[in-house]
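The values are calculated or read from the model by the stated rules, or taken from the named source; none is laboratory data. These numbers come from a predicted model, not from an experiment. Counting neighbours? That spans all protein chains shown, and the Cβs are built from the backbone with ideal geometry, glycine included.
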Amino acid sequence: MAVNVASEWLNSCSGCEIAILNLGETLLDLLPKINFVHIPVLMDHKHLGQLGDKQHIDIPKATVGLVSGGIRNEEHLEVAMEMRKKCDIVIALGTCATHGGIPALINSVTNEELFDRYYATESTDSGAQVPTKGISPLLDRCYALDEHIKVDIYLPGCPPHPDQIATAILALLNGETPELPFKSVCDTCPTKRMGKGAVKGIKRAVECPEFDPDKPIDEMRCLLEQGYLCMGPVTRAGCAGTNGEAPRCISARVPCRGCYGPVQQKGNQLLDMLNALASNGIDLSQLPDRDSLLRFSGAHNRLVVKQGKKTRR
Amino acid sequence: MGKTINIQPLSRIEGHASIEIKLDDQGNVADAITHFNSIRGFEKFVEGKPAEEVTRIVTRICGICPWHHHMSSVKAVDACFDAEVAPAGHLLRECMQNMAHINDKILHFYFLAAPDFVMGPDADYSVRNVMGIANAAPDLARQVIRMRQKSQMMMEKFAGKVIHPIAGVPGGFSKPMNESQRQEMVEDSKELLEFAKFSIKHAKEEIFPKYLDLVTTLGTITTGFIGTVDKDGSLNFYDGKIRLMRPDGSFDDFEDTDYLDYISERTLDVSYGKYPYAKSWNEGFSMDLDAPKGIYRSNCLARINCCDQIPTPLAQKELEEFRKSFGKPAQHTLLYHWARLIELVYSCEKTLELLNNPAITGKETRCTVTPKAGRGVGHVEAPRGTLIHDYTTDENGCIKTANLIVGTTHNLAPISMSVKQAANMLIKNGQVDETILNKVEMAVRAYDP
Ligand code: SF4
Ligand code: SF4
Ligand code: SF4
């Protein structure tokens with residue numbers, strides 16, 4: 001019997017949905033076992049009925065609910081609650097859903113500050129007003145899913161690797177709970193590490209790391225040891241999928257920026273990274289922007305507004 | 001006032017939008033409003049961030065065209081920092097920029113739009129989707145899925161990440177391409193070109209003729225167009241001048257740094273989205289169907305209309321055939337799908353051309369640059385239109401202000417107008433059913449917000 005699946009995207013960029021499509025033929029093989037009852041990216045089931053005459057959002061019952069994106073406006077909240085009501089198992093798909101993701105960077109400013117800029121950019125006609133009709137009002141900030149509804153399975157990643165999505169779906173189809181390992185990106189990184197204390201300062205990513213492009217990645221020295229801020233130590237592994245390849249950014253020879261969120265669901269990438277740097281004797285005053293260490297995990301009250309300016313975490 | 005129909009959410013499109021159709025007492029359309037419901041505030045929250053980091057943040061504006069945001073952004077940061085760009089770096093960026101178009105067009109045509117044509121606009125919603133196609137035409141579906149996957153994975157294998165890429169860096173590209181990688185990509189691209197040729201032939205024989213009456217009526221409006229062209233007026237996705245064409249086909253070409261002289265954005269009470277219009281036409285902004293003002297369109301049909309020619313042979317032949325049938329500029333909205341397939345052929349041909357340039361395997365792919373104060377505008381053609389990133393930086397090379405005009409944004413006014421035109425045309429005397437409402441949505445899927 002096919003398992004009913006519903007899928008929704010909230011404050012999302014569609015990247016998580018594209019990651020599902022990147023399953024390619026695996027997806028085709030899974031399709032007979034999956035019965036999509038609602039998935040706006042691919043299918044025309046409507047919240048308010050096919051003729052748009054219902055009053056409340058109505059999503060069909062499903063065993064598995066995939067939700068990508070955080071919660072940013074009242075409609076997202078309503079849809080998230082409806083998904084929770086209708087789905088037995090809710091999966092938070094992607095770092096926006098699990099930790100707020102990049103859109104949660106907005107949490108360092110107020111909605112008024114956002115509107116003040118957005119409706120007064122260089123190309124916007126003057127006198128612009130914040131719209132009010134037929135659009136969903138913003139909440140005070142961007143929330144991770146579990147700040148509003150219970151989440152059963154966390155599948156971080158911006159986006160999650162298709163291998164992990166497949167593993168999770170297959171486990172659920174077999175009636176099992178999917179298990180994802182809690183390792184760090186460094187644990188899966190083949191670069192050469194020669195030891196602590198080699199660097200004192202932090203280089204900006206405008207400088208080229210040293211590596212020989214003709215040699216495999218395991219002959220490149222660890223980027224952190226080369227003096228680049230690489231967030232591998234405080235970021236959850238998984239971006240390379242399951243066939244043993246190097247973490248994706250490292251394979252492109254650029255440092256990790258933490259897109260899988262903290263190693264443990266409740267971890268704090270900023271505090272952990274500052275600790276890691278300090279314990280290596282690296283001068284923290286050179287970091288051009290500390291909030292960037294939370295660029296993927298700014299929900300859960302980690303990035304907050306304080307008197308028009310950021311801080312407190 | 002009669003009843004109101006809410007189509008929510010719009011589906012098989014990329015973003016978050018809904019349609020509100022208000023009927024009068026006779027059941028005719030009194031108004032049809034398209035609401036664009038997404039506001040995330042990138043222009044605000046990138047402030048203060050080191051500019052080179054912003055190139056890897058703005059990718060999250062869109063998971064379907066992250067490469068294009070990445071490319072516009074690195075070009076803008078190059079300009080802020082007065083960076084020299086290594087020639088091989090430029091070639092690699094341009095190559096990825098074109099490759100990323102291939103995937104997008106396969107996705108848009110087959111996954112988002114085709115169900116209306118293959119299953120029919122009146123098929124039940126439960127089968128009118130790619131899963132339905134997989135059952136009805138399993139060989140075609142498998143081929144489509146394989147080709148889409150191939151185009152994504154060839155990029156990921158080489159450049160590290162395909163969704164939310166990181167390999168573009170100020171001053172160039174993060175790493176060189178070696179000969180075996182190049183050869184592998186050439187083989188993959190050849191296969192994709194064959195698939196592109198099949199796709200346009202298939203559509204011209206099996207799809208467009210069947211729906212010709214819809215193609216020439218649904219959502220049709222008369223507007224200007226925007227797109228990027230080379231010095232000689234050829235289509236270009238990566239670099240060149242921006243051409244803004246009036247409905248009569250006359251046009252202005254301008255540098256991206258001057259975009260503020262040509263384009264302005266209007267806000268409306270019903271949408272978070274902003275509505276760009278042609279400020280340089282000096283006629284203001286109006287979405288009135290009978291007398292539109294300042295309205296132009298972006299995305300594939302717009303580019304096909306703007307360019308004088310396409311610089312690759314097969315796509316140029318398709319363009320000539322297209323122009324013979326529909327003129328220049330062509331206005332019918334559903335022709336976007338046809339133009340999309342012409343661009344699919346072009347992006348495959350162009351990718352192969354770039355991969356066959358020996359300079360692409362050059363070892364020096366990036367110059368070291370120094371963060372500094374400056375202003376930079378970077379633009380490319382994203383699948384959904386001319387994409388502009390405009391940054392100013394402070395003396396530390398951190399963002400002071402950012403202004404973005406995203407490809408889709410140019411089309412928000414035209415989409416709203418096409419929806420209204422379609423609703424007016426299809427809903428009469430209270431007669432409305434799911435097929436009719438789906439056809440109204442087809443007017444959106446031609447552009448895809
Ligand atoms: S987690 Fe990343 S890919 Fe997924 S919706 Fe958020 S920004 Fe997009
Ligand atoms: S710090 Fe970065 S480069 Fe070094 S081992 Fe960890 S992930 Fe790899
Ligand atoms: S290396 Fe880090 S930032 Fe890059 S994809 Fe992996 S987890 Fe994400």
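Residues in the stretch A:109-125 include none that are within 16 Å of ligand 1 (Cβ to nearest atom) and either within 14 Å of chain B (Cβ to nearest Cβ) or not basic (Lys, Arg) (or both). Regarding A:GLU179, is this residue surrounded by fewer than 17 Cβ atoms within 10 Å (Cβ to Cβ) and away from ligand 2 (no atom under 11 Å from the Cβ)? Considered against the rule, which asks whether it is surrounded by fewer than 17 Cβ atoms within 10 Å (Cβ to Cβ) and away from ligand 2 (no atom under 11 Å from the Cβ), A:GLU179 comes out as yes. For residues that are hydrophobic (A, V, I, L, M, F, W, C) and more than 16 Å from ligand 1 (Cβ to nearest atom), scanning just the stretch A:241-271, find the one that is nearest to B:ILE57 (Cα to Cα). Of everything passing the filter in the stretch A:241-271, A:VAL254 is nearest to B:ILE57 (Cα to Cα).
Among the residues that make up the stretch B:296-304, is at least one of them in contact (Cβ under 8 Å) with a residue 24 or more places away in the chain, farther than 21 Å from B:LEU334 by Cα and hydroxyl-bearing (Ser, Thr, Tyr)? Checking the stretch B:296-304: not a single residue is in contact (Cβ under 8 Å) with a residue 24 or more places away in the chain, farther than 21 Å from B:LEU334 by Cα and hydroxyl-bearing (Ser, Thr, Tyr).
One line per residue, one yes/no per condition, for (1) without any contact (Cβ under 8 Å) to a residue 40 or more places away in the chain; (2) more than 16 Å from ligand 3 (Cβ to nearest atom); (3) within 14 Å of chain B (Cβ to nearest Cβ); (4) not aliphatic (A, V, I, L, M):
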| position | (1), (2), (3), (4) |
| --- | --- |
| A:LEU180 | no, no, no, no |
| A:ASP187 | no, no, no, yes |
| A:GLU207 | yes, yes, yes, yes |
| A:PHE211 | no, no, yes, yes |
| A:ILE217 | yes, no, yes, no |
| A:MET220 | yes, no, yes, no |
| A:LEU229 | no, no, yes, no |
| A:GLY232 | no, no, yes, yes |
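Against the definition (over 23 Å from A:PRO40 (Cα atoms), assigned to a loop (DSSP other than H, G, I, E, B) and within 13 Å of another protein chain (Cβ to nearest Cβ)), how does B:LYS363 come out, yes or no? So B:LYS363 fits the description; yes. Screening the stretch A:256-266 for residues that are within 11 Å of ligand 2 (Cβ to nearest atom) and either under 18 Å from A:ASN301 (Cα atoms) or more than 9 Å from chain B (Cβ to nearest Cβ) (or both) and picking the one that is nearest to the chain's Cα centre (by Cα) gives A:GLY258.
Each row is one residue, and each column tells you yes or no for (1) within 16 Å of ligand 2 (Cβ to nearest atom); (2) in contact with a Ser or Thr (Cβ under 7 Å, 6 or more places away or on another chain); (3) over 18 Å from B:VAL130 (Cα atoms); (4) at pLDDT 95 or above.
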| position | (1), (2), (3), (4) |
| --- | --- |
| A:ASP29 | no, no, no, no |
| A:PRO32 | no, no, no, no |
| A:VAL37 | no, no, no, yes |
| A:GLY49 | no, no, yes, no |
| A:GLY52 | no, no, yes, no |
| A:GLN55 | no, no, yes, no |
| A:LEU77 | no, no, yes, yes |
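If you check B:VAL85 against the conditions, is it part of a helix (DSSP H, G or I), of a type in the set (Val, Ile, Thr) and at pLDDT 95 or above? Steps first, please.
Working: part of a helix (DSSP H, G or I): no; of a type in the set (Val, Ile, Thr): yes; at pLDDT 95 or above: yes.
No, not satisfied.
Under the condition of being buried (at least 21 other Cβ atoms within 10 Å of the Cβ) and closer than 24 Å to A:ASP291 by Cβ, the residues counted in the stretch A:74-117 number 18. For the stretch B:1-16, filtering for residues that are more than 7 Å from every other protein chain (Cβ to nearest Cβ) and surrounded by 24 or more Cβ atoms within 10 Å (Cβ to Cβ) leaves 2.
Scanning the stretch B:1-38 for residues that are in a strand (DSSP E or B) and more than 23 Å from the chain's Cα centre (by Cα) yields B:THR4, B:ILE5, B:ASN6, B:ILE7, B:GLU20, B:ILE21, B:LYS22, B:LEU23, B:VAL29, B:ALA30, B:ASP31, B:ALA32. Here is the figure for the stretch A:236-250: residues that are within 11 Å of ligand 2 (Cβ to nearest atom) and surrounded by fewer than 24 Cβ atoms within 10 Å (Cβ to Cβ) total 3.
Residues in the stretch A:195-218 that are of a type in the set (A, V, I, L, M), at pLDDT 90 or above and more than 13 Å from A:ARG253 (Cβ to Cβ): A:VAL206 alone.
If we scan the stretch A:267-274, do we find a residue that is away from ligand 3 (no atom under 11 Å from the Cβ), in a loop (DSSP other than H, G, I, E, B), farther than 30 Å from B:GLY362 by Cβ and not basic (Lys, Arg)? Looking for residues that are away from ligand 3 (no atom under 11 Å from the Cβ), in a loop (DSSP other than H, G, I, E, B), farther than 30 Å from B:GLY362 by Cβ and not basic (Lys, Arg), one finds at least one in the stretch A:267-274, hence yes. When the residues of the stretch B:88-136 are filtered to those that are acidic (Asp, Glu) and modelled with pLDDT under 95, the one that is nearest to B:LEU335 (Cα to Cα) is B:ASP116. Taking into account only those residues within the stretch B:127-185 that are within 20 Å of B:TYR238 (Cβ to Cβ), of a type in the set (D, E, K, R) and surrounded by 22 or more Cβ atoms within 10 Å (Cβ to Cβ), which is farthest from ligand 3 (Cβ to nearest atom)? Among those that are within 20 Å of B:TYR238 (Cβ to Cβ), of a type in the set (D, E, K, R) and surrounded by 22 or more Cβ atoms within 10 Å (Cβ to Cβ), it is B:LYS175.
Counted as qualifying within the stretch A:95-206 are the helices (runs of 4 or more DSSP H) with 3 or more residues that are assigned by TED's automatic domain parsing to the domain that holds A:SER14, namely A:95-99, A:162-173. For B:SER38, state whether it is more than 13 Å from chain A (Cβ to nearest Cβ) and closer than 24 Å to A:ASN11 by Cβ. In short, no. For the stretch A:1-58, the candidate set comprises residues that are part of a loop (DSSP other than H, G, I, E, B), more than 27 Å from B:CYS62 (Cβ to Cβ) and touching a helix residue (DSSP H, G or I) at 6+ places or on another chain (Cβ under 6 Å); within that set, the residue that is farthest from the other protein chains (Cβ to nearest Cβ) is A:ALA2.
Within the stretch B:154-185, if we keep just the residues that are within 16 Å of ligand 1 (Cβ to nearest atom) and within 10 Å of A:ARG253 (Cβ to Cβ), the residue that is farthest from the other protein chains (Cβ to nearest Cβ) turns out to be B:ILE166.
Go over the candidates B:VAL118, B:VAL58, B:VAL85 one by one and state the one that is more than 13 Å from chain A (Cβ to nearest Cβ) and among the β-branched types (Val, Ile, Thr).
Exactly one residue qualifies, and that residue is B:VAL118.
Taking into account only those residues within the stretch B:156-176 that are within 17 Å of B:ASN98 (Cβ to Cβ) and of a type in the set (A, V, I, L, M), which is farthest from ligand 2 (Cβ to nearest atom)? So the residue we want is B:VAL162. Within the stretch A:3-21, no residue that is more than 16 Å from A:ASN35 (Cα to Cα) sits with its Cβ atom under 8 Å from a residue that is within 16 Å of ligand 2 (Cβ to nearest atom) and assigned to a strand (DSSP E or B) at 6+ positions apart or across chains.
Residue pairs whose Cβ atoms lie under 9 Å apart, sitting 6 or more positions apart in sequence or on different chains, and linking a residue in the stretch A:158-171 that is away from chain B (no Cβ under 13 Å) to a partner that is more than 13 Å from ligand 3 (Cβ to nearest atom) and among the acidic types (Asp, Glu), are A:THR167/A:GLU179; A:LEU170/A:GLU176; A:ALA171/A:GLU179. Counting residues in the stretch B:23-36 that are touching a residue at least 40 places away in the same chain (Cβ under 8 Å) and out of contact with any strand residue (DSSP E or B) (no Cβ under 8 Å at 6 or more places or on another chain) gives one or more.
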